[in-house]
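Below is one structure, written out as structure tokens, with a few remarks after it.
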Amino acid sequence: MSFPIQRPRRLRRTPTLRSMIKETTLNPEALIAPLFIVPGDKVKREIGSMPGQYQLSVDMAASKASQLFDLGIRSVILFAIPESKDEIGSSAWNPQGIIPRAIKAMKAAAPELIVTTDLCFCEYTSHGHCGIMKDGVLQNDETLGNLVRQALVHAEAGADLIAPSGMLDGMVRSLRHGLDEGGFSHLPIMSYAAKFASAFYGPFREAVQSAPEYGDRKSYQMDPANFEEAMREVALDIEEGADIIMVKPALSFLDIVREVKRRFAMPTAAYNVSGEYAMIKAAAQKGWIDEQRVMLEVLTSMKRAGADLIITYFAEAFADLRQKGLA
Ligand code: PBG
């Protein structure tokens with residue numbers, strides 16, 4: 001009987017040995033926490049399909065922001081449930097709107113926190129599509145001007161990073177140009193470069209009431225079947241001036257994350273979306289999986305695939321575990 005010379009198990013024998021050969025480590029600095037901002041005061045309303053996630057009023061969001069910063073989280077990304085919606089989403093560029101107010105309150109509460117804002121119109125339009133609609137079709141070029149207005153309002157309020165999520169052609173170029181003209185050439189853009197038309201956004205749309213009233217987003221978000229198209233989208237956004245490239249969702253698109261990192265060597269983000277969070281929460285509530293271990297495994301898979309940054313509803317839970325020495 002011939003024994004193998006190579007025995008991979010030798011290095012798995014003890015916890016110390018295993019810790020020495022660990023290839024991927026998670027750190028709270030790599031996690032960005034999404035927050036949902038609602039009008040009002042002292043509001044903290046749990047989102048039904050996202051247990052542990054809340055709609056927060058500006059005051060509550062500001063204290064959450066400093067709490068997250070103290071836990072080691074460096075950035076939050078803000079989404080709005082605005083006071084009012086209309087056909088074109090004009091409350092998105094109101095300087096007194098909910099996001100500019102939240103940015104200011106957060107920067108006051110945690111000056112070093114990187115306040116990232118999502119730029120899109122689906123939360124602000126009455127029909128729930130990501131811009132101006134005509135005959136059921138999203139109007140690309142007409143929407144770009146409004147996107148720049150929204151970005152400038154966020155920039156003026158003190159945002160540190162902006163993240164356009166509408167999958168409009170030319171959005172990064174328009175934003176870069178508009179920001180530079182407006183005196184914000186230092187403000188980086190994290191582009192939702194490869195964003196797929198995914199069923200995993202379901203709980204998010206409940207959280208911000210942004211489900212499209214008619215039709216779907218398939219004429220602007222990508223077909224989950226497409227790999228090379230994702231590479232072309234990323235290449236375009238880099239040419240147009242994106243500083244960070246995002247792939248969204250994360251879990252069913254780890255091959256895309258991997259290849260984007262390998263091919264473009266840019267700072268790369270993966271969005272661990274609402275449905276991915278909800279699945280784990282639901283199965284854990286039923287006692288079918290170990291929530292903590294599954295969370296760590298999922299976040300590690302994204303990091304291992306090549307994500308430098310992970311936008312995740314688990315940010316606080318992970319940072320909490322880390323602080324307690326449990327992760
Ligand atoms: C669009 C936007 C969406 C998400 C982030 N930005 C939803 C969509 O495209 O319908 C989804 C995030 C999630 O599911 O966690 N503004």
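The values are calculated or read from the model by the stated rules, or taken from the named source; none is laboratory data. All values derive from a computational prediction rather than experimental measurement. When we count neighbours, we look across all protein chains shown, and the Cβ atoms used for this are built from the backbone with ideal geometry, even at glycine. These area figures cover heavy atoms from the full protein model, side chains too; ligands, DNA and RNA do not enter into them. Shrake-Rupley method; radii C 1.70, N 1.55, O 1.52, S 1.80 Å.
Multiply the residue gap between Lys324 and Ala225 by 0.36 nm, knock off their C-alpha separation, and tell me the result in nm, one decimal place. Length difference between fully extended and current span is 31.6 nm.
Relative to the longest principal Cα axis of the chain, at what angle does helix 98-109 sit, 0 to 90 degrees, rounded to 10? The two axes meet at around 50 degrees.
Each label point was placed 7 Å from the Cα along the Cα-to-Cβ direction; for Asp41 and Ala265 their separation is 5.5 nm.
Probing with 1.4 Å while keeping every protein chain in the model, the per residue accessible area of the range 1-151 equals 49 Å².
Within the listed set Pro267, Pro100, Pro15, the Gaussian network model of the chain (springs between alpha-carbon atoms below 10 Å) gives the highest mean-square fluctuation for Pro15. Restricting the GluC sites (Glu not before Pro) of the range 1-55 to loop positions (DSSP other than H, G, I, E, B) with no more than 11 neighbouring Cβ atoms within 10 Å leaves Glu23. Quick check: the angle from helix 274-285's long axis to the longest principal axis of the chain, C-alpha only, nearest 10 degrees? So the helix axis and the longest Cα principal axis differ by about 50 degrees. Distance between the 7 Å Cα→Cβ label points at Asp141 and Ser252: 3.4 nm. Helix 58-70: angle to the longest alpha-carbon principal axis of the chain, degrees 0 to 90, nearest 10? Value to nearest ten degrees: 30. Charge tally around Ala207: other residues with Cβ under 11 Å, Lys/Arg +1 each, Asp/Glu -1 each, net -1.
This model, with +1 at the C-beta of Lys and Arg and -1 at the C-beta of Asp and Glu, gives the range 27-323 a dipole about its Cα centre of some 640 debye. Cross-link partners of Lys281 among aspartates and glutamates, defined as those whose alpha carbon lies under 20 angstrom from its own and excluding same-chain residues fewer than eight positions apart: Glu46, Glu206, Asp290, Glu291, Glu297, Glu316, Asp320.
Specify the residue with the greatest mean-square fluctuation among Leu11, Leu309, Leu168, computed from a Gaussian network of the chain linking alpha-carbon atoms under 10 Å apart. Looking only at Leu11, Leu309, Leu168, the largest GNM fluctuation is found for Leu11. Cross-link pairs exceeding 26 Å in C-alpha to C-alpha distance, out of Lys248/Lys324; Lys85/Lys218; Lys44/Lys107, comprise Lys248/Lys324. If Lys and Arg each add +1 and Asp and Glu each add -1, what is the summed charge of the other residues whose beta carbon sits under 14 Å from the beta carbon of Arg18? Taking every Cβ under 14 Å from that of Arg18, the sum is +4. Under the criterion of Cα pairs below 8 Å and six or more residues apart, the relative contact order for the range 27-323 equals 19 percent.
Value of Rg to Rh for the chain, rounded to two decimals, is 0.99; Kirkwood radius and Rg both from alpha-carbon coordinates.
Within straight-line reach of Lys303, meaning a Cα separation under 15 Å, sit the following aspartates and glutamates at least 8 residues removed in sequence or on another chain: Glu23, Glu29, Asp255, Glu259. If you take all other residues with their beta carbon under 15 Å from the beta carbon of Ser91, and give Lys and Arg +1 and Asp and Glu -1, the sum is -2. Of all aspartates and glutamates in the structure, those lying under 12 Å Cα to Cα from Lys104, and not within fewer than 8 positions of it along the same chain, are Asp59, Glu156, Asp160. Computed in the context of the full set of protein chains, the accessible area of the chain at 1.4 Å probe radius has 52% of its extent on carbon or sulfur. Compared with the alpha-carbon gap, the fully stretched path from Asp169 to Gln209 is longer by 11.9 nm at 0.36 nm per residue.
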